[in-house]
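What follows is a short report on a single structure.
Taken together, the values in this text are just the output of simple stated rules run on the coordinates, not laboratory data. These numbers were taken from a predicted model, which means no experiment stands behind them. Please note: Cβ atoms are built from the backbone with ideal geometry, for glycine as well, and neighbour counts cover all protein chains shown.
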């Protein structure tokens, strides 16, 4: 779906695309339009359907590059995919036998005029077509118009072809020689205005197909509203065709000019980029090596390659191994084969789906050609933690969810596996690269917290040339990467290598320092720090506040995982104790719950259970984590919710009472809300319960900063640039979101770094 079958240039700025869209082709009628979007961040723009082939299942679109969005569409080639294509939309042209119909088209408006000409001609009308263009080279579809009409009149502004003059001159010449029963006009708004004014003088009914600005296209947004006969109409649902004599064209022209300055700037930017890249950069998609790779295999050959399967430890073995990583990585041969599946899209959705903006096609294509170290360097341009992200990021919900393979009902490229491979290859080679660092500027920047948000921010600010110091409250650097994620998912040695790389970039780390307690933000300012990024992470764990919840051996997942992961409590050499349960209940359905229950299994639990109040389909945990848990013998008690814990005489938990649930109506998040089934309860024996139902932001830092504006549930309120209410104090990750994945937290850090850098440069210029 949405694949471009063919492309034809009508002129330098006008192209015709034939696009696979069988459903639209089948239901479209003359006058209908579609909404097109290129790229996940692209603009929604309306394009009238110029034709359709129900046998081939294609529609024809004609586009003129007049702004940044239309230019992006025009740059697509056969084999590329349009990200989003929806339709048919609008009202079809009313076709009947009326007598003589004059169809006046200008510019790319000639294309959507063609099916209307065909329809009126088939209905038995005499159809006269007036085509208008600035010059001969811009006249389009003349042959097709002649084949489906009684006469074609061509008007050019410069007289280079046909008759010199405007479209109105051609229309009036017909009116002066014979009776005209209807006029249909499509083209630039100003052209339709003057055609309608002309036909009104002669009292000839006129239909104008309007091309207003749209966002939604289905009647939701109101951007396309116009005034027709003194009443507000919406082009997307009431049109696009209206009585040309009733349309307030002057108002329409003003509204269409709302974004002209922005469009002009965008086109200038694109043209500048084009000039700058005349000498092809080796990193660009048009580099010779990338072009050669694309030519080496046909797209069908690439899509025919099955997705690679990750090598894993045996479930029975690994369920007793606390520190051996489950996923074993890809071999070089596997990685190259998987990299060949990537189509190297012109508008890669995967990159737009990545919160840190990795150039995903470039790093994958480097793997395909065997340049594994170059692939790792590409990752490090934007990601401070590629080996970490390749292991724990929910790629299936981010980059991989945008892969073009999904539109073809195929599995996405295994981007996460390839990211891990490249990072691991570099580490194991001993040739670890350090990103390019700008000259030191002597400006001191403080980072509070060494989790993923703080590390990503620190890495980018170091690249910019700042003197960066990270303050960590715990005795280990890494935050949640160390205390929250078990080693069977993310070995500590992997995190340590990533941190060492930041040290090589010049980042300073101070442990055992609690900002807000040990030192204050005011102390940091007094020491000359010009910017502060707060990434203090998650804090207070949430509990359910049910009877018996404070019994012994009921703990939060934060406590349980910190004891095991950070303090190595399960080791005989460790002084830190931990409860070893035989019947362990973990409450929750997220990744942290999966980490907790799989850890319990490794610590000897005979029965390890996930208790979750919704169904498995609503679980927020990664699909891979659920799969691994099941393989390791974890039980899933879905649609169950604890309502009471029962303790023994010593106060230790011995049972949990579960309320059976069913799914009701969707809640605000779109997930169906669980509803108790009256009288349906179940009591099961347990000796350890781990509550994993979310956390609240760490309150220490926010409460210590006077005048800091807080958001919902104690989060730090920030603007779009991640800046707080206090100038030069930025924040990101859990302290802003309340809960965030590793990659989303890193995205916050990168966004904050870019914004702070710009702000500091602006301040320096004042």
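Normalised by 2.2 N^0.38 Å, where N is the number of residues, the alpha-carbon radius of gyration of the chain equals 1.15.
Taking the alpha-carbon centroid of each part, what is the distance from the stretch 508-523 to the stretch 690-742 in angstrom? Comparing the Cα centres of the stretch 508-523 and the stretch 690-742, I get a distance of 17 Å.
For a modelled paramagnetic label at residue 475, 7 Å from Cα along Cα-to-Cβ, the residues of the stretch 513-535 in reach, with backbone nitrogen under 20 Å, are 513-515, 517-519. Based on the Cβ-Cβ distance from residue 151 to residue 9, what FRET efficiency comes out when R0 is 45 Å, to the nearest 0.05? The calculated FRET efficiency here is 0.95.
Sorted ascending by nearby beta carbons within 10 Å, beginning with the fewest, 610, 514 become 514, 610.
When 495, 129 are arranged by Cβ crowding within 10 Å, least crowded first, meaning fewest neighbours, the order is 495, 129. For the stretch 543-693, compute Rh as the Kirkwood radius over C-alpha pairs and then the Stokes-Einstein diffusion coefficient at 20 °C and 1.002 mPa s; write the answer in µm²/s, rounded to an integer. The diffusion coefficient I find is 137 µm²/s. Here the calculated FRET efficiency for residue 177 and residue 122, from their Cβ-Cβ distance with R0 = 22 Å, stands at 0.35, rounded to the nearest 0.05. Could you work out the relative contact order of the chain, using alpha carbon pairs under 8 angstrom and six or more residues apart, expressed as a whole percent? Answer for the chain is 8 percent. With a simple spin-label model that places each label point 7 Å from the Cα along the Cα-to-Cβ direction, the separation between residue 512 and residue 194 comes to 8.2 nm. Seen from a random direction on average, the alpha-carbon convex hull of the stretch 19-61 projects onto 2.9 square nanometres. If you take the Cα centroid of the stretch 85-164 and the Cα centroid of the stretch 374-392, the two points sit 54 Å apart. Could you give the angle, 0 to 90 degrees to the nearest 10, between helix 260-276's Cα long axis and the longest principal axis of the Cα atoms of the chain? Approximately 70 degrees, to the nearest ten. If you model the stretch 4-89 as an ellipsoid using its alpha carbon gyration tensor, with each semi-axis the square root of five times an eigenvalue, the axes come out at 19, 14, 12 Å, biggest first. Applying 1/(1 + (r/R0)^6) with R0 = 45 Å to the Cβ-Cβ distance of residue 27 and residue 637, what FRET efficiency is obtained, to the nearest 0.05? Working from the Cβ atoms, E equals 0.45. Working from Cα pairs under 8 Å separated by at least six residues, relative contact order for the stretch 507-587 is 13 percent. Helical runs (DSSP H, four residues minimum) scored at -39500 (n - 2.57) apiece and divided by the length of the chain put the mean residue ellipticity at 222 nm at -9000 deg cm²/dmol. The gain in end-to-end length when the residue 575 to residue 717 segment is fully stretched comes to 47.1 nm, 0.36 nm per residue minus the alpha carbon separation. According to the square roots a ≥ b ≥ c of the eigenvalues of the Cα gyration tensor, what is the shape class of the stretch 100-211, taking rounded for a/c under 1.5, prolate for a/b larger than b/c otherwise, and oblate for the remainder? Because its axes are fairly even, with a/c under 1.5, the stretch 100-211 counts as rounded.
Put a dot 7 Å past the Cα of residue 683, heading toward its Cβ, do the same for residue 227, and the two dots end up 7.5 nm apart. Counting only alpha carbon atoms, the long axis of helix 591-602 and the longest principal axis of the chain meet at about 40°.
Considering only DSSP beta bridges whose two residues both sit in the chain, what percent are antiparallel, to the nearest 5?
50
Here the residues 393, 513, ranked from fewest to most Cβ neighbours within 10 Å of their Cβ, fall in the order 513, 393. One quarter of the surface of the convex hull around the alpha-carbon atoms of the stretch 296-429 equals 8.5 nm², the direction-averaged projected area. Under the criterion of Cα pairs below 8 Å and six or more residues apart, the relative contact order for the stretch 296-429 equals 27 percent. Rounded to the nearest 10 degrees, the inclination of helix 415-429 to the longest alpha-carbon principal axis of the chain is 50 degrees. Remark: the residue 544-residue 54 segment gains 170.7 nm on full extension, using 0.36 nm per residue and subtracting the alpha carbon distance. Potential lengthening of the chain between residue 437 and residue 313 amounts to 40.7 nm, from the contour at 0.36 nm per residue minus the alpha-carbon distance.
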